[in-house]
Amino acid sequence: MTSSVPPGLVSRRIPSQNIVSRLVCRELYGTAYRRNSLNTTRGFHTNIFPDFTLVNVEKPPCFLRKFSPDGKKFIAFSADQTSLEIYSYQGPAAAGDLLQGAGGEFLGSEETETNQRVRNVVFNRFFKLRYTVSVSPCSEQLNRECSLFTDNGRFVIVGSAAFVPDEPHAAMYCMYRNNESVSPNPRNPLEDYTLHIVDIQEGRLCDKTTFKTDKIFLSHNQGLYLYKDTLAVLSVQHQTVHIFQVDREGAFIKVREIGRNCYDNDDFLLSPVLSAASQTSLPNPSVYRAYKETTINLLKHRILVFLFRRASALSKQDGNPYELRNFYKFFDQVRWLKMWKMQLLDTSHLLIKYASEEVVTLRSSEPNSQPSYFVVYNIETTEVLAVYENTSQQLLDLFENFCDLFRNACLSLSTGYTSSPSNNIYANLIQQRFKQTIVSAKNGGANEARKRVLAQLPISAQSFSSSPFLDLSLFSYDDKWVSVMERPKACGEHPIRFYGRECGLLKFKIYAGVQGRNPPPQARRLVAFTFHPTDPFAISVQRTNLEYVVNFHVRHDTKV
């Protein structure tokens, strides 16, 4: 018998995949065994994984959201989107007795008595309803894609909104609170917002704060960011970043507003010169209106000063006024930029993304292709530390080398982390391939590739999963169908295959949607995955037009 291995090459030896071998090695050598291969503690997930799919599970009339950071609680929104439902997670083996005798890789869609019974009761096996907290008044609806957990896992922040009624029409000084306020349009209607903080351990509403006649992007936490106990909220309409502190009792404490002012006492210091009489010639004016100001607001002024000083220093260094001329050339363009997105880098630093008003108010068809700028701002000292264009190679290098500091994905977890280009060679390879694809594409190039990668910034808070089954150092899978970023993905016709990174063997499959049913040809099929932070358990919710299909992915295989 001839060998299939070419002469001179030694076939790779596949390490033992047996869980007993792993346990023996951990007992003998500790968790640092096989340092150049898999970490022993995390490597156990290549033996115990969610290899069985329960298709079309019956659930209560609610919208499933996500697990708490410690994985012990699960939150959902009520069908009318006014209440928060808090469930207690019962563990990955809670339905083990139900699945005895079930074979294959998924529980089929056949309408047998056994299958129907499993689908009807399995949700209540995994999740026990602990509390239903009435959060939002009937006039406002909770946003199903907005939730932020505090580091200790005790509180969750959710947001609700209601459109501002046409009658009576909102007063002009409510729509335009300062001279940076943007113009509303049908694509960007104004709303009343409320942020609520709920104690999920005791099931009670702790505090709330309101933003009237405003525009805040709640979906996917784009307009709010929680870093430890510091909450930042971006008002796009009024071009203001509100900074709150979340105390131990779950109360919002207003710290400052950044935009028109930078320090919390700026209004007091300016009040002697900002009088109502200076804005009109009418007798006995009563109220000072900030939207009538002709001056540049304090945050924008600091950005312009930073750019001027940088241009001046470069011109002196080069002995050429080119940079200074560029500053004056683009002065008006920078002057009219608006805040679009933001994130907290830590408790003292903000990363703010600026773009044109057409982009910010959703009037641009391709917002990420438009010029934009990133500003790094120190909240305490009110200094602008850096300004980058969205084609900056320097910012791209910082993002790729320190991606985890931008994501802040696992602040509350001591062992969990997400695969990123800065900590995982396989994630880095995916990003480099993506960049190369853009460079080689028609109308592409290095500039366009940098722009596409930096379009990810600022990164929304708590939008990455820490599940070990999405760890690219443990498993290889097609990130077109599922990824560490918790966003809906296109739903494929075939199951998602997960291969062991160390051995290259197929470990398990995940089936999304209903098997054996052909969707309508015009239907747009999206699937959202919610993985447990540590356990072999995941939920997929497939949406086809207005139909929702919930699948549970659990551990069932007895082979180890």
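The values are calculated or read from the model by the stated rules, or taken from the named source; none is laboratory data. What you are looking at is a predicted structure, and each value in this text was computed from that prediction instead of being measured. Cβ sites come from the backbone with ideal geometry, for glycine too, and all protein chains shown count toward neighbours. Accessible surface is based on the protein model in full, side chains and every heavy atom, while ligands, DNA and RNA are left aside. Shrake-Rupley method; radii C 1.70, N 1.55, O 1.52, S 1.80 Å.
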Order 477, 499, 288 by their accessible area, 1.4 angstrom probe, all chains in place, largest first. 499, 288, 477
Rg to Rh quotient for the range 284-437, alpha carbon positions, Kirkwood Rh: 1.04
Once both axes come from the Cα atoms, what is the angle between helix 19-29 and the longest principal axis of the chain, in degrees from 0 to 90, rounded to 10? 70 degrees
Here are a few candidate values for Cα extents along the principal axes in Å: (1) 97, 62, 51; (2) 82, 61, 44; (3) 94, 57, 46. Which one was actually calculated from the structure I just gave you? (1)
Rounded to the nearest 10 Å², what accessible area does residue 362 show when all protein chains are kept and the probe is 1.4 Å? 70 Å²
Skip the ligands, DNA and RNA, and give the accessible area per residue of the chain with a 1.4 Å probe, whole Å². 50 Å²
In degrees, nearest ten, helix 113-126 long axis to first principal axis of the chain (Cα): 50 degrees
Length-normalised contact order of the range 167-213 in % [C-alpha pairs under 8 Å, at least 6 apart]: 33 percent
Skipping prolines and chain starts, which residues have an amide H placed within reach, meaning under 5 Å, of the one on residue 422, given they are 5 or more residues away or on another chain? 403, 404
First compute the accessible area of the chain with a 1.4 Å probe, then give the percent of it belonging to carbon and sulfur atoms. 51 percent
Highest mean packing first, using Cβ neighbours within 10 angstrom, the peptides 167-175, 307-315 sort as 307-315, 167-175
On a C-alpha basis, how far is the centre of the range 195-265 from the centre of the range 52-110 in Å? Whole number, if you could? 31 Å
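Which links in 72/341; 215/353; 329/353; 228/353; 254/341; 59/215 stretch past 27 Å when you go from one Cα to the other?
72/341; 59/215
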Within straight-line cross-link reach of residue 128, aspartates and glutamates at Cα separation under 14 Å, skipping those fewer than 8 residues along the same chain: 85
Looking at the range 84-121, which GluC sites (Glu not before Pro) are DSSP coil and have at most 12 other C-beta atoms within 10 Å of their C-beta? 110, 111
At a Cα cut-off below 18 Å, give the aspartates and glutamates reachable from residue 212, other chains included and same-chain residues fewer than 8 away excluded. 140, 166, 167, 180, 191, 192, 257
Taking the Cα atoms only, what angle lies between the long axis of helix 298-318 and the longest principal axis of the chain, rounded to 10 degrees? 90 degrees
Given 62, 227, 421, which one lies farthest toward the positive end of the charge dipole of the chain, if we put +1 on the Cβ of every Lys and Arg and -1 on the Cβ of every Asp and Glu? 421
Mean residue ellipticity (222 nm) of the chain, computed from DSSP H runs ≥ 4 via -39,500 (n - 2.57), nearest 500: -6000 deg cm²/dmol
So if R0 is 45 Å, what FRET efficiency would residue 48 and residue 141 give, r being the distance between their Cβ atoms, rounded to the nearest 0.05? 0.70
Output the Cα-based Rg and Dmax of the range 74-189 in Å, rounding Rg to one decimal and Dmax to a whole number. 22.1, 69
The range 101-164, Kirkwood Rh and Cα Rg, ratio Rg/Rh at 1.17
Take every Cα pair under 8 Å in the chain that's 6+ residues apart, average their separations, divide by the length, and report that relative contact order as a whole percent. 15 percent
